[in-house]
Amino acid sequence: MACSSCQQNPVHTTQSHTKLCKKHFLEYFEKKVFRTIRLHNLLQDDDIVVCALSGGKDSTTVTHLVHRILKQRRKKVTALLINEGIHDYRDSTLKDARKFCKQEGIVLKELSFKKLFGFTLDEFLQKHKNINPCSVCGVIRRYLMNRGSRELGATVLVTGHNLDDEAQNILMNQFKGNMQFSAKLGPVSGALEHDKFVRKVKPLYFMPEKEVALYAYLKAFPVEFIECPNAHGTFRQYVGELINDLEQRYPGTKQGIINSFLSILPELKKQYRGKKIGSCTICGEAAAKQLCKVCELLEKEKIDRRKKEYG
Amino acid sequence: MKQYLNSFSFLVQHMQVTVFIQRENKKKIVKLEKGATVKTLLRTLKINPEVVLVARKKTIILADTPLNDKDALELLSVISGG
C-alpha cells in the first residue's frame with residue numbers, strides 16, 4: 001500500500017503497478033516528459049519556443065516544464081493564448097493563465113477572436129445554430145496559433161496534447177476514414193511542408209490525462225478542471241468515453257493504441273508527404289485550395305477583416 | 001431468498017461518506033458497507049476511476065484505500081479543456 005520507493009502514502013499507481021508518493025510521482029512524471037523531449041528531439045538548442053497556453057491543466061503543465069528546461073539553457077519561453085470568447089469558460093481560464101504566467105515570470109501574448117475578426121465564438125454560434133462548434137473553433141485557433149507563434153519569431157510551438165488526446169485523434173480518424181489526418185499526428189505534428197508552418201511538438205505525448213491532472217493538482221497550479229461547454233455530446237467525447245471504458249477493463253489499452261500507431265506512422269507520413277500545399281490568395285497562409293479555411297469562413301460571412309498585428 | 005437475506009441486514013455494518021462531485025458541482029451522501037474502499041464508492045456512483053482523482057482532506061487517495069465513516073471526499077474530473 002505504500003510508495004515503492006519510500007513507504008510514504010501513495011498518490012498514484014503506474015501501469016506497471018508501482019505505487020508512488022507525491023515526491024516520487026512528480027519525479028517520475030518530469031523524468032518521463034524530459035525523456036520524450038530528448039528522445040524525439042522536440043526542443044533543439046537554438047529553438048525559439050512559444051508554448052500554446054489555454055490556462056488548463058495540460059498547457060499549464062507543459063509550459064511549466066518547458067520553461068524549466070529553457071531556464072537551464074538561459075533562454076526564455078513565450079506563452080501564446082487564443083481567446084475565443086467562450087463565456088463562463090475562457091474568461092475563467094484566461095485569469096488562471098495570467099496568474100500562472102505572472103507566478104513563473106513568463107511573457108504572455110493574447111490573441112482574441114473578437115479583436116481580430118470582430119466576433120466571439122459564442123456570437124458566431126448564436127448566428128449558426130447547426131454548425132459543429134469544434135470545427136469552427138479548431139480551424140481558427142490552429143490558424144492563430146500558427147500565425148501568432150510565427151510572428152513571435154518561433155521555430156517551435158509547444159502544445160499540451162496528452163496521450164488521451166492522441167488516442168482519441170487516432171480512433172476518430174480511423175472511424176471516419178481520415179487517415180490523411182493521422183499522418184499529421186505524432187510527437188512532432190505535421191506531414192505537409194510549407195514555409196509558414198511552425199513546427200509543433202507535444203512533450204506530454206506519452207502522459208495519460210489522469211497523470212497530467214494529478215501533476216497539476218500536486219503542483220497547485222492555478223487551474224480549474226473544467227470542460228469547454230461546447231465539448232458535450234461531441235464525437236470526441238463519445239470516443240473518449242469508449243477509450244476510458246476499455247482502459248478500465250483492459251489496462252494498457254491507451255498505450256497500446258499509441259504504440260501500434262507509432263509503428264505505422266512513418267509509412268503514413270511517406271504516403272501523404274507528396275501532397276503539395278499552396279498559399280491562400282487573401283492572407284498568404286498555407287492553404288490546400290485557393291483560400292485557407294479561415295478566409296473561406298470569413299468570406300462566406302462577409303466579415304470585414306481587420307488587419308491587426310498578430311505578433 | 002432475497003427477503004430472507006434482507007432480514008439479516010442489521011448484522012451488516014454501514015457507514016456514510018459525503019462526496020463532492022466537482023463535475024456536477026453537487027454534494028452527495030453515500031451509504032456504503034463498512035470496510036468499503038474508494039473503488040467500491042466509485043462503482044456505487046457508476047464513475048469510471050480513469051476519469052477522476054479522489055481527494056480526502058486535499059490529499060489524493062487511491063482506489064484500494066479503505067474509507068471511514070463520515071469521510072468527506074472530493075471527486076475531481078481529470079477530463080478538462082476542449
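Laboratory data are not the source of any read-out in this text; all were calculated from the coordinates shown. A quick note: this is a predicted structure, and the numbers were derived from the prediction, not measured. Glycine gets a Cβ as well: all are built from the backbone with ideal geometry, and neighbour counts include every protein chain shown.
Observations, loosely collected:
- Taking amide H positions as modeled 1.01 Å from N, with prolines and chain starts lacking one, the residues under 5 Å from A:Lys200 and 5 or more places away or on another chain are A:Leu157, A:Ser189.
- Residue-averaged beta-carbon neighbours from other chains (10 angstrom radius) around A:206-213: 3
- Helix axis angle, A:235-249 relative to chain A longest principal axis, alpha carbon, degrees: 10 degrees
- With semi-axes defined as the square roots of five times the eigenvalues of the C-alpha gyration tensor, the equivalent ellipsoid of chain A measures 32, 23, 21 Å, largest first.
- Protection-proxy order for peptides A:248-259, A:156-167, each taking the mean of Cβ atoms within 10 Å per residue, highest first: A:156-167, A:248-259
- Listed residues A:Tyr217, A:Gly186, A:Gln168: farthest to the positive end of the dipole of the range A:89-247 (Cβ charges): A:Gly186
- Around the Cα centre of the protein assembly as shown, unit charges on the Cβ atoms of Lys, Arg, Asp and Glu (plus for the first two, minus for the last two) sum to a dipole of about 500 debye.
- Around the Cα centre of the range A:4-153, unit charges on the Cβ atoms of Lys, Arg, Asp and Glu (plus for the first two, minus for the last two) sum to a dipole of about 360 debye.
- Shape call, chain B: gyration tensor on alpha carbons, a/c limit 1.5: prolate
- Sequence-distant residues sharing a close amide H with A:Leu80 (under 5 Å, placed H): A:Cys51, A:Ala52, A:Leu53, A:Lys109
- Placing unit charges on the Cβ atoms of the charged side chains and taking the dipole of the range A:150-307 about its Cα centre, the candidate lying farthest along the positive direction among A:Leu262, A:Leu152, A:Gln248 is A:Leu152.
- Among the residues of B:58-64, the average count of other protein chain beta-carbon atoms within 10 Å of the residue beta-carbon is 4.
- Computed E for A:Phe181/A:His232 - FRET, C-beta separation, R0 25 angstrom, nearest 0.05: 0.65
- For the range A:149-274: rounded, prolate or oblate by the Cα gyration tensor [a/c cutoff 1.5]: oblate
- Chain A: angle of helix A:253-273 to the longest principal axis, Cα-based, in degrees nearest 10: 40 degrees
- Residue by residue along B:46-53, Cβ atoms of other protein chains within 10 Å of the local Cβ number 6 on average.
- Global geometry of the range A:107-181, whether rounded, prolate or oblate, following the gyration tensor of its Cα atoms and the 1.5 cut on a/c: oblate
- Taking every alpha-carbon pair within the range A:40-106, the share separated by more than 13 Å comes to 62 percent.
- Take each peptide in A:53-62, A:83-92, count the other Cβ atoms within 10 Å of every residue, and average; sorted highest first, the result is A:53-62, A:83-92.
- Relative contact order %, chain A, counting alpha carbon pairs below 8 Å whose residues are six or more apart: 20 percent
- For A:His12, residues with placed amide H under 5 Å, excluding near neighbours: A:Leu20
- 17 Å Cα-Cα reach of A:Lys22 towards lysines, excluding residues that sit fewer than 8 places from it in its own chain: A:Lys31, A:Lys32, A:Lys210, A:Lys219, B:Lys57, B:Lys58
- Taken one residue at a time, the phi angles of the range A:78-83 give Karplus couplings (6.51, -1.76, 1.60, θ = phi - 60°) of 10, 9, 10, 10, 9, 9 Hz. Gly and Pro are set to x.
- In this Cβ point-charge picture (+1 for Lys and Arg, -1 for Asp and Glu), the range A:1-72 has a dipole of about 360 debye about its Cα centre.
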